1. For region 255-269, give me each residue that is part of a strand (DSSP E or B) and either buried (at least 19 other Cβ atoms within 10 Å of the Cβ) or in contact with an Asp or Glu (Cβ under 8 Å, 6 or more places away or on another chain) (or both).
2. If I filter region 319-342 down to residues being among the small types (Gly, Ala, Ser) and outside any helix (DSSP H, G or I), which single residue comes out as farthest from Ser113 (Cα to Cα)?
3. Considering every residue within region 294-309, establish whether at least one is aliphatic (A, V, I, L, M) and over 19 Å from the mean Cα position of the chain (by Cα).
4. Exactly one condition in (1) free of Cβ contacts under 8 Å to residues at least 12 places away in the same chain; (2) within 30 Å of Ala281 (Cβ to Cβ); (3) of a type in the set (Ser, Thr, Tyr) is false for Thr252; which is it?
5. In region 159-198, what residues are of a type in the set (Asp, Glu) and within 12 Å of the chain's Cα centre (by Cα)?
6. If Ile152 passes every condition in (1) assigned to a helix (DSSP H, G or I); (2) among the β-branched types (Val, Ile, Thr); (3) touching a helix residue (DSSP H, G or I) at 6+ places or on another chain (Cβ under 8 Å) but one, which one does it miss?
7. Please indicate, with yes or no, whether at least one residue in region 228-244 is farther than 19 Å from Ala180 by Cα and in a helix (DSSP H, G or I).
8. Checking the condition outside the structural domain of Ser113 (by TED's automatic domain parsing), of a type in the set (D, E, K, R) and under 23 Å from Ile321 (Cα atoms), which residue from Lys284, Lys256 passes?
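The values are calculated or read from the model by the stated rules, or taken from the named source; none is laboratory data. None of the values given here were measured: they were computed from a predicted structure. We place every Cβ from the backbone using ideal geometry, glycine too, and count neighbours over all the protein chains shown.
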Amino acid sequence: MAYKTSKINTSSFKNSRSTSVLMIYTGGTLGMVYDSKSKSLVPFDFDEILTNVPELHRLEFELTILTLDKPIDSSNMRPANWIEIARIVYDNFEEFDAFVILHGTDTMAYTASALSFLLENLSKPVILTGAQLPIGIARTDARENLITALEIASAKINGRPVIPEVAIYFNSFLLRGNRAKKKESSQFNAFRSENYPYLAEVGVTIDYNFPFIRPYRTDLPLQLHEHLDENVMILKLFPGIHQNMIHNLFHTNGLKGIVLETYGAGNAPSEDWFLEELKQAIEKGVVIFNVSQCDGGRVLQGTYQTGRKLQEIGVISGSDITTEAAITKMMYLFGKDTSPERVKFSLEKDICGEMSV
């Protein structure tokens, strides 16, 4: 597929040795400006980005901008879009040193998690960022997020990228993509990572948290995965949930897996009907992945009696994985292999830094 691209004349325009960054605009608040005629926010033409972000002139790396044919509100993101973005990175992997993805905030953590699985053996930065306010608004956070994400993506030490993984940059913090969650809708600090340290903190300088950044490796070639199985669901437990609700959900045609959001350290009701519904689903081949409703901490199925019963009937512990990473990981694994037993085995393994084991 042909995409519209444009090259920005930065300070490195004539330097053939400079780092090259591909910025991919998928949609979202960041790329909006106020239109005086319609009196509404509309997507702006990225060919005119220097009008809104003149600081890009001073960047010391080559910058190319690619825009999707139709910008996507992040609430409309689908697995097919994740695969398209991953394919763009893969197809341009040899030409560019780093990638920055501009994305709406609502589903950014899902996209970052999905990309971490789809781009196996990644050895270059793929940094997602966005904004809470449009770039055309005076108080916008878009300019700082955009410029810093580009700077982090282009950062190298001894010729090697500092961040060879999928990450989210937002409001002074760089987070591992498959460890992040959106936590704020009205403040600039939209994303947090409760169960994994930040990869970098940005102030006057950018301070990298090197022990927690994935190691740079080039011994294995980048591998693109283009199959995600959408026959999975998320079930969040709440006091008073009815048996008929769970029964109907578990008998959804084609259902292969469920991310079960439980209480605390992986606890759930111990009523016979509830455990029996889970047991029957598991016996039919449905994979159930236990994640905590808490932002911090982890699932410990053997600690309490209620959690231990889940373990006994074959529910898989998600440790400290986020719901966003859990559902995309399940889509990815079922996209590779339809065997429930092999999917269960892989769910318990750390694939790309998404969980502690």
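1. The answer is Gly257, Ile258, Val259, Leu260, Glu261, Thr262, Asn267.
2. Only one residue fits best here, namely Ser339.
3. Scanning region 294-309, I find at least one residue that is aliphatic (A, V, I, L, M) and over 19 Å from the mean Cα position of the chain (by Cα), so the answer is yes.
4. Every listed condition holds for Thr252 apart from (1).
5. Within region 159-198, Glu165 is the sole residue that qualifies.
6. Going through (1) assigned to a helix (DSSP H, G or I); (2) among the β-branched types (Val, Ile, Thr); (3) touching a helix residue (DSSP H, G or I) at 6+ places or on another chain (Cβ under 8 Å) one by one, Ile152 breaks only (3).
7. Yes, region 228-244 contains at least one residue that is farther than 19 Å from Ala180 by Cα and in a helix (DSSP H, G or I).
8. Details: Lys284 fails: under 23 Å from Ile321 (Cα atoms).
Selected residue: Lys256, the only one of Lys284, Lys256 that is outside the structural domain of Ser113 (by TED's automatic domain parsing), of a type in the set (D, E, K, R) and under 23 Å from Ile321 (Cα atoms).
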